[in-house]
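To start, the structure under review is shown below, and the notes come after it.
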Amino acid sequence: MYRYIIFHIKDDKVIDVETTGDRDASYDDYLNYLVNLGPEQCRYGIYDFEYDHQCQGTTDSTRKQKLFLMSWCPDTAKIKKKMLYSSSFDALKQSLEGIGKYIQATDMAEASYECVLDKMRSTDRT
């Protein structure tokens, strides 16, 4: 089982696995991989996100786990590449099951742990 899977579009035609993160990999490991690709590179990533959820009226928290699919296309990427990744995102979404949230990120603020955590919690029952 992996913590994350990063996909790229190979030869402008095929969505293929580029790398995976071990189960003990952190969210920072995931983000660092994306950033280290360079400012013009787009990718898709599935991440198994774990966080604490506290129900209203209780002091107990429970550990929650949700998969999200992220489309990572920095603003600095070339238009052609951004269009290719954008148009292929729906096909990838339809081919995957069990994804709890879809996220489109164009910079580190949108991909940050805090921003993703807010998006994950937005669908929790309180």
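Sparsely packed loop sites in the range 31-104 (the GluC sites (Glu not before Pro) outside DSSP H, G, I, E and B with at most 10 other Cβ atoms within 10 Å) comprise 97.
Count Lys and Arg as plus one, Asp and Glu as minus one, and take only other residues whose Cβ is under 10 Å from that of residue 21; the net charge is then -2.
The phi torsions of the range 61-77, fed into the Karplus equation with coefficients 6.51, -1.76 and 1.60 and a -60° offset, translate into couplings of 10, 10, 7, 10, 9, 9, 8, 10, 10, 10, 9, 9, 9, x, 4, 7, 5 Hz, rounded to whole numbers, with Gly and Pro shown as x. Here the extension length gained between residue 11 and residue 104 equals 31.2 nm, from 0.36 nm per residue of separation less the Cα-Cα distance.
Accessible surface for residue 62 stands near 70 Å², nearest 10, in the context of the full protein assembly shown (1.4 Å probe). Note on P(r) over Cα pairs in 10 Å bins from 0, in percent: of the candidates (1) 12, 44, 32, 10, 3, 0; (2) 12, 35, 25, 15, 8, 3, 1, 0; (3) 11, 33, 24, 17, 11, 4, 1, the value calculated from this structure sits at (1).
In loop segments of the range 1-37 as defined by DSSP, the trypsin sites (Lys or Arg not before Pro) with at most 14 further C-beta atoms inside 10 Å of their C-beta are 13, 23. The 1.4 Å probe gives accessible areas that order 7, 49, largest first, as 7, 49. With θ taken as phi - 60° and the Karplus curve 6.51 cos²θ - 1.76 cosθ + 1.60 applied, the whole-hertz 3J(HN,Hα) list for the range 29-45 is 4, 4, 5, 4, 4, 4, 5, 5, 5, x, x, 10, 9, 9, 8, 10, x Hz, x standing for glycine and proline. Count the net charge of all other residues whose Cβ sits under 14 Å from the Cβ of residue 89, scoring Lys and Arg as +1 and Asp and Glu as -1. Surrounding charge for residue 89 is +4. When you filter the trypsin sites (Lys or Arg not before Pro) in the range 27-125 for DSSP loop state and at most 16 other Cβ atoms inside 10 Å of their Cβ, you are left with 78, 125. Near residue 69: Cβ cut-off under 15 Å, other residues only, Lys/Arg at +1 and Asp/Glu at -1. The net charge is +1.
The values are calculated or read from the model by the stated rules, or taken from the named source; none is laboratory data. A quick note: this is a predicted structure, and the numbers were derived from the prediction, not measured. Note: ideal-geometry Cβ built from the backbone for every residue, glycine included; neighbour counts use all protein chains shown. Surface areas here come from the heavy atoms of the whole protein model, side chains and all, with no ligands, DNA or RNA. Shrake-Rupley method; radii C 1.70, N 1.55, O 1.52, S 1.80 Å.
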